[in-house]
Amino acid sequence: MKARYLALIPAAVAGVAVARTALMPKKKADYVPAPAEERSLAYAEKLSAMVQCDTTSHANIREPEKFERFHQVLEEQFPLVHRHLERTDIDGNLLYCWKGRRSTDPIVLMSHQDVVPAEGDWGHPPFSGDIADGKVWGRGTADTKASLMAFFQAVEELLAEGYEPEQDVYLASSCTEEWAGDGAPKLVAELKRRGVRPFLVLDEGGAIITDPIGGIQGNFAMVGVFEKGKADVKFTARSSGGHASAPSPNSPIARLSAFVNDVETRPPFRRKIMPEVRAMFEELAHYAPFGLRLVLGNQWLFGPVLKQVLPKISAQAGAMLQTTIAFTTQSGSDASNVLPQEATLGANMRFIPHQGEQESLEIIGRLATKHGLEMEVLHSNDYTAPVDLNGKAFRQVEQVIRQTFPGLPCSPYVVTGATDAQFYQEICDSCIRFVPIIYGPDQMKGMHGLNETVAYNCLPGAVDFYKNLIRAQEQN
């Protein structure tokens, strides 16, 4: 009898999950930008002018003339900003201060000036700024001159209205973001010198993402609440070399290959659904078809399944569950008939809070030692502290999103890349990563790739979002 009752338990538990899912409100993500062709084209022209200015940056190389030209473009496009705001230029990194009635809860709006190199065969030249097919084309449109244009334009329009902000507003833009240079730290040091402690810092990282997870359709405001840590690591295998005609076992390349195979086939990092990721899945569940809604909406039951399946379905979603390592560079012998005395392998790691910088590096270091490799950490920084999902700053951003984009769902999001916002954590407890730009499949593919674009019909909403965010400070 007891065995019969025990056998019924799994069915009963599954029944509870199905019943909960059936009662869960089914929602539809139906936000699309409202038609505003005249505004859209006017903003597209401004963004085009900014894109036509090549601001490609290279690690540890100073090219001030590029950014001086770009600063001139900004001054031409946003004359009121440059007439009324206090501007500070620190080695090409810009900080503008718009004094409000009070300085108790200032906000910082951020977006970097620099872009990555544009290589390969583009459909529209990468620095043409062409406006065609409903898009602005060129390197930097999505990453991140569109948001830079949007908050400059928001301030420009508010100034034209004679608006005076309730709280101080800072516009910050570094020219070294793409290689994690010293631009943002210099801006933070200047804010510290002035005694500024922002109520909110808003940078890139999250965005309005189209179809964020397979099976969930529509536009969603994915608001980044922390970013993973990052390390560049070098692994080296050594030997006495020799002629390739008489190879000895365990050559450097063979040991490196075994190491990579070990990591790829038996991932060493633990998966965990953190509270921020759990909240994201719970929000997205309402917009999923029944089967996916069943899984996402009942993590108390299907959490273990999610942890195993998600990385196979979506690399982006899987990266939110664990520390990752990607092998990116390698070198060996200079000749095909010579065994290398030294072979190297480069990797990029991204640390998750439940297994941070120190623990993750120790784990991968032990595996490297097992395969007879030396490990050198070239650069490393840990994850950033998560934003309080119940805090005033996050709730304010949520409210402004809903005010500006009716029908747009809003969800917390884990930023798996790196942003300049990491440097502002020192002076601000609420560094939120969100740009009010729509990133569909073309935009996601074009960032750091070929044919980068932004659909210009989303630009009026982006400008309105920043205007509403500045006005929202009247409540503080």
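The values are calculated or read from the model by the stated rules, or taken from the named source; none is laboratory data. All values reported here derive from a predicted model rather than from experimental measurement. Reconstructed Cβ throughout: ideal geometry from the backbone, glycine too, with neighbour counts over all protein chains shown. Heavy atoms of the whole protein, side chains included, go into the accessibility calculation; ligands, DNA and RNA do not. Shrake-Rupley method; radii C 1.70, N 1.55, O 1.52, S 1.80 Å.
Tabulated data
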item: Global size of the range 378-424 as Cα Rg and Dmax, reported in angstrom; result: 13.8, 46
item: Charged-residue dipole, Cβ positions (Lys, Arg, Asp, Glu), the range 240-292 about Cα centre, Debye nearest 20; result: 220
item: Rg to Rh quotient for the range 311-422, alpha carbon positions, Kirkwood Rh; result: 1.14
item: Mean Kyte hydropathy of -1.0 or more with a Cα span along the axis of at least 30 Å, helices from DSSP in the chain; result: 2-23
item: Label-point separation, His354 to Val309 (7 Å along Cα→Cβ), nm; result: 1.8
item: Normalised convex hull volume, the range 53-117, alpha-carbon set, Å³ per residue; result: 103
item: Peptides 144-157, 448-461 ordered by average Cβ neighbours within 10 Å, highest first; result: 144-157, 448-461
item: Overall dimensions of the range 319-373 as given by Cα atoms, namely Rg and Dmax in Å; result: 14.5, 46
item: Residue-averaged [θ]222 nm for the chain, counting only DSSP H segments that reach four residues, each worth -39500 (n - 2.57); result: -12000 deg cm²/dmol
item: Unsatisfied cross-links (Cα-Cα over 22 Å) in the set Lys46/Lys135; Lys230/Lys272; Lys99/Lys192; Lys234/Lys370; Lys230/Lys392; Lys307/Lys392; result: Lys230/Lys392; Lys307/Lys392
item: For the range 345-476, fraction of C-alpha pairs farther apart than 25 Å, in %; result: 46
item: Percent accessible area from carbon and sulfur atoms, the chain, protein chains only, probe 1.4 Å; result: 52
item: Sequence-distant aspartates and glutamates (8 or more away, or on other chains) whose Cα lies within less than 20 Å of Lys27; result: Asp211, Glu282, Glu283, Glu398
item: Kirkwood hydrodynamic radius over Cα pairs of the chain, then Stokes diffusion coefficient at 25 °C and 0.890 mPa s, in µm²/s; result: 101
item: Glu37-Gln399 pseudo-label distance in nm [points 7 Å out on the Cα-to-Cβ vector]; result: 3.7
item: Positive minus negative residues near Leu296 (Lys, Arg vs Asp, Glu; Cβ under 10 Å); result: 0
item: Accessible surface, the chain, averaged per residue in Å² (probe 1.4 Å); result: 43
item: Total charge dipole magnitude, the chain, about the Cα centre, Cβ charges on Lys, Arg, Asp, Glu only, Debye to nearest 20; result: 2420
item: Segment Glu342-Arg62, length gained on full extension (0.36 nm per residue, minus Cα span); result: 97.5 nm
